[in-house]
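Bear in mind that the values in this text are calculations on the coordinates, not laboratory data. Keep in mind it's a predicted model, so treat the numbers as computed, not measured. Positions of Cβ are generated from backbone atoms using ideal geometry, with glycine treated the same way; all protein chains shown enter the neighbour counts.
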Amino acid sequence: MSTVTESAVRTALEAVEDPELNRPITDLGMVKSVEVDGDAVAVEIYLTIAGCPMKSTLTDRTRAAAEGVEGVRKVTVTTDVMSDEQRRELRLKVRGATSEPVIPFAQPDSTTRVFAVASGKGGVGKSSVTVNLATSLASRGLNVGIVDADIYGHSVPRLMGSSAHPSQVDDMIIPPQSFGVKLISIGHFLDGNSPVIWRGPMLHRAIQQFLSDVFWGDLDVLLLDLPPGTGDVAISVAQLVPDAELLIVTTPQAAAAEVAERAGSIAQQTRQRIGGVIENMSWLELPDGTKMDVFGSGGGQIVADHLSEITGSPVPLMGRIPLDPDLRVGGDVGNPIVVSQPGSPAATALAGIADRLVTRKQSLAGRPLNLGVTRR
Ligand code: ADP
C-alpha cells in the first residue's frame, strides 16, 4: 500500500488550470492548504472573488487531480476567497508590474491577428457575422476574443448567450466566455437594457479599457465589432490598434454597398489595411431550391472592386452568406448558427470566411509602412 504525501498531491495540483486565467492554480497562489490524513486528502483553494462563476469547475478539477494520486480514497475540496492583497499579487503575476495599462495587441511582438468588423449602416448583419466567425475559429481550437466596440448598439452578449458579469481581480477584468470565445461588452456592465449616453472621449476610453484592462491571455484572433458607419470609435480603434485589419460587411444592395464603401474608404485616412469584404443576406433559398435575390445582387463584389481601386491593393470578397431564418433564431437565443446548424449553407459560408481569415498569409502588400509615425 502506498503512502499518500502532501508533496504528491501538490504535484498533481500543478496540472489544475484556472479556467479563466489558463494558468496552473499552483502558480497563481490559489492553493491555500493541502492536508493528508492516511488515504484522505483535504484541499482548500482560494477563489479570486466571492461568488466566482468558475467555482464548481475549479473545485471539480481540483478534486479530480487529487483523486488521481495513487492511494487516495477520499478527497474534500473547500474554498476561501482571496484578500485584496492576494488579488493584487495575482494580478502582478499574470500581468507583470506595469503601472500604465498596456494594449497587448498594439505591441510590436504581438502575434494576435486583429480584425475590426465594420459596416456602412446598421442591420446588415455585422454583429451576427462577428460572433459566428469568432465561434467558428474557437471551435478549431484557436484562442479567440471579441470586443463589442458598438457601445450604443451593443448586442454581442445576447448573440453569444452570455449574461455573465465579468469578474474583477484587482483592476484586471476577467472576460466571460461563451462557446470558447472570450468577450467583453458594455452590456456586461449595465443593468437590463439601460442606454449609454456618452460623448466621443468616453467611448474612446471604454474601448481603450476593453483592450488594456481586460485579461485576454494569448489570443490568436481578436475581433472588434465596430458601430455602423464611420464614427469616433473606428478612429479610436485605428489609433489604439494600428495593425487591425478592417472587414467590411455589406448586403448585395447597391445603396448598402455605397455606404459600406464609405466605411471602407476611411481606411485610407486611418492607414489601416482592409482584410476583405463580406457580403451577407446574399440570397434566400426557396423551398423549391431556387435562389431569390431579396436584396439584389453584386454589392459585395462592387465594394471589393472599388476598395481595391481606392487603396491600390487587392481587397478580396471573402464570402457570401445567404439569408437563413436559423441564423436569426440563433442570434435571438444566443446560439450561433455555426454551432447549432453547422451543415447549413449560411454556416458553411461563415466557416469558409473564418478559414480565409486564418489561412491567408500575412502580406505586407498594400500595408502602410507608418513611416514617420511614432507608435505609443
Ligand atoms: P448589424 O450588426 O449590422 O446591425 P445584426 O447582426 O444585428 O446587424 O443583424 C440584423 C438582423 O438581421 C438580426 O435580426 C439578425 O439576426 C438578422 N440577420 C443577419 N444576417 C442574417 C442572415 N444571413 N439571415 C437571416 N437573418 C440575418
FRET efficiency, 1/(1 + (r/R0)^6) with R0 25 Å, evaluated for residue 209 and residue 235 via beta carbons: 0.90
message: I'd like the projected area of the stretch 74-213, averaged over all directions, using the convex hull of its alpha carbons. Report it in nm² with one decimal.
response: 12.0 nm²
task: Express in % the proportion of alpha carbon pairs of the chain at distances exceeding 40 Å.
output: 23 percent
field: Principal-axis tilt of helix 126-139 within the chain, Cα atoms, nearest 10 degrees
entry: 40 degrees
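May I ask you to list the trypsin sites (Lys or Arg not before Pro) in the stretch 214-301 that are in a DSSP loop and have at most 13 other Cβ atoms within 10 Å of their Cβ?
271
Quick one: if you take sqrt(5λ) for each eigenvalue of the C-alpha gyration tensor of the stretch 196-304, what semi-axes come out, biggest first, whole angstrom?
Whole-Å semi-axes of the equivalent ellipsoid: 31, 16, 14.
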- prompt: Separation of the stretch 256-274 and the stretch 289-341 by C-alpha centroid, Å?
  reply: 17 Å
query: In whole Å, how far is the Cα centre of the stretch 164-223 from that of the stretch 37-115?
result: 20 Å
Pairwise label distance in nanometres, residue 107 with residue 70, each label 7 Å out on the Cα-Cβ vector: 4.1 nm
field: ³J(HN,Hα), Karplus 6.51/-1.76/1.60, whole Hz, each residue of the stretch 254-269, x for Gly, Pro
entry: 4, 5, 5, 4, 4, 6, 5, 4, 4, 4, x, 6, 5, 4, 4, 6
Net charge, residue 292 excluded, C-beta distance under 15 Å - Lys, Arg +1, Asp, Glu -1: -2
- line: Rounded to the nearest 0.05, FRET efficiency between residue 97 and residue 301 (Cβ-Cβ, R0 56 Å) equals 0.65
- line: Lys and Arg at +1, Asp and Glu at -1: neighbours of residue 175 with Cβ under 9 Å from its Cβ sum to 0
Under 15 Å, Cβ to Cβ, from residue 37 - net charge with Lys/Arg +1 and Asp/Glu -1: -2
statement: A correct Kirkwood calculation over the Cα atoms of the stretch 157-217 returns a hydrodynamic radius in Å of 12.4 Å
message: Nearest 10 degrees is fine. How inclined is helix 299-311 to the longest principal axis of the chain, computing both from alpha carbons?
response: 90 degrees
message: On the Cα set of the stretch 1-148, report Rg and Dmax in Å, please.
response: 20.4, 71
message: Considering just Cα atoms, how many Å³ per residue does the convex hull of the stretch 114-160 enclose?
response: 75 Å³
- request: Please work out the Cα convex hull volume for the stretch 274-330 and give it in Å³ per residue.
  value: 82 Å³
- request: Mind running the shape call on the stretch 148-255? Use the C-alpha gyration tensor, a ≥ b ≥ c as the square roots of the eigenvalues: rounded below 1.5 for a/c, prolate if a/b tops b/c, oblate otherwise.
  value: rounded
- line: Toy charge model, Lys and Arg Cβ at +1, Asp and Glu Cβ at -1: the chain dipole around Cα centroid in debye, rounded to 20, equals 840 debye
